[in-house]
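**Q** Let me begin by handing over the structure; questions about it come next.
The values are calculated or read from the model by the stated rules, or taken from the named source; none is laboratory data. Every value quoted in this text rests on a predicted model; they were computed, and no experiment measured them. Glycine also receives a Cβ, built like all others from the backbone with ideal geometry; neighbour counts cover every protein chain displayed.
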Amino acid sequence: MSLAHTLNTGAFKGAQAGLVLVFFAFPMSVALANVALLLTLLLWALSLGGAASRAALREAFRNPLVGPALALFAWIVIAVAWSPADREGVTGFVQKYLKFAMIPVFIALLQDARVRRRCWQAFAVALLFTLAVTWLNVWFDFSWTRTHNQGFGQDHTVFKDYISQGLMMSVFAVGCAFLALEQRDSRRAAALWLLWALASASVLILSLGRTGYLAWAASTAVFGLTWALGRSRRTALVTLVVLGGLFAAAVSSPLLQQRGEVALEEASTAGQGAVTSIGARVAMARFVLQAVPHAPLLGHGTASYPVGAKQHFTAPGYCEVVCPHPHNQFLFFLYEQGAIGLLLFLAFIAVIVREAWRHEPRRRALALAFVATLCAACVSHSSFWLSTENHCLILMSALVMAGLYARRTSIDLRAPEPGP
């Protein structure tokens, strides 16, 4: 075995280890995740001298997710040509979406089932730690956490913000349900269902993020119904009753009722000067939908939204909230990249759905629940533009699709996996 072969193999394995570190880091620290990602890409580039690394990359390009991801990123770059933004603004926006172009690299590194398993485990460990601290924060204060509120009915965000924590905790909760359904040991299954309950409660009663509520509701409903419908009508009926009971209990919560009333009040006062979460979103949606007919197919250009928003929203305090991004990824792509960009983004989502339907009910349910979380995130936030959510949704998309495609084509069956 030559020295070059040994170095190439070592660099490729190092890149895979770096990717595992990225999955551990992004729920807690974007800075650490970015350092780990940079190290991963550097080691992967060094490994390209080896045949195995190049073969993994060729195989990655066969994954259905790669085509829409690269096409969308290419269109984002092309849309720079007619953008009114300056060079600094355009460069920043292109960098925001750069991980779409990295998806072939991620999938190449995830060809090995052992690596996929470790990535799922790394993400789970990070969320387990976040979950534990979230609950401890009800009674104890920690100097390094994002919030310092004790008691129930308060926001107990540990890292980042309550939106990203709610999204990631919703994915974690569905993962716990997925594992619980495959357990033959009743004690392990009970422990996993307990984790699911604690994670769900942390989203619903220990967070003030309505995006988290939406993500949890969408992912839970999709997971439960997809799994049940794949088994039998009786199971589906029982699951529907259980889900109905869960949602009835959630809706009857005084905290959620209060948050719902506030949301309706905010929506009714949209655009009337006061900056509110729902009101601002309604105002931004109106602005985007009014502007789209002026550039329906091609959009106004990459990084054009802040330019147009500053001309439309002139109140300084209001503009600070609504001018950076429209808090809706679908509308964001529609405004900046037009119908072409939006259709490419929908194609990116659609290939995950199509691949999920080719698998047995439990794995199909997990993959579709992730898609539900992704869509919920994109309806209420610019999740592929914001750093933490961008890390989560793109990396998890690659992980889910790498596993689904590998199972369908039998690329790598050397190790069992906790997810797709």
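**Q** How about segment 357-381: which of its residues are outside any helix (DSSP H, G or I) and in contact with a Lys or Arg (Cβ under 8 Å, 6 or more places away or on another chain)?
**A** Within segment 357-381, TRP357, ARG358, HIS359 meet the criteria.
Quick grid of which residues meet (1) farther than 30 Å from LEU179 by Cα; (2) within 18 Å of the chain's Cα centre (by Cα); (3) surrounded by fewer than 21 Cβ atoms within 10 Å (Cβ to Cβ):
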| residue | (1), (2), (3) |
| --- | --- |
| LEU46 | yes, no, yes |
| LEU65 | no, yes, no |
| ALA85 | yes, no, no |
| THR91 | yes, no, yes |
| ARG117 | no, no, yes |
| ALA122 | no, yes, yes |
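**Q** Among the residues of segment 63-94 satisfying the criterion of being in contact (Cβ under 8 Å) with a residue 60 or more places away in the chain and in a loop (DSSP other than H, G, I, E, B), which is nearest to ALA11 (Cα to Cα)?
**A** It comes out as ASN63.
**Q** Considering every residue within segment 350-367, establish whether at least one is under 30 Å from PHE287 (Cα atoms) and either basic (Lys, Arg) or under 16 Å from the mean Cα position of the chain (by Cα) (or both).
**A** Yes, segment 350-367 has at least one match.
**Q** Collect the residues in segment 290-319 that are within 25 Å of the chain's Cα centre (by Cα) and touching a residue at least 40 places away in the same chain (Cβ under 8 Å), keeping them in residue-number order.
**A** GLY299, GLY301, THR302, ALA303, SER304, PRO306
**Q** Another question, then. Kindly indicate the residue of segment 399-418 that is among the hydrophobic types (A, V, I, L, M, F, W, C) and closer than 10 Å to ARG116 by Cβ and also modelled with the lowest pLDDT among those meeting that condition.
**A** Applying the filter and picking the extreme gives ALA415.
**Q** Something else: Would you say TYR318 is part of a helix (DSSP H, G or I), of a type in the set (Ser, Thr, Tyr) and over 17 Å from ILE103 (Cα atoms)?
**A** Considered against the rule, which asks whether it is part of a helix (DSSP H, G or I), of a type in the set (Ser, Thr, Tyr) and over 17 Å from ILE103 (Cα atoms), TYR318 comes out as yes.
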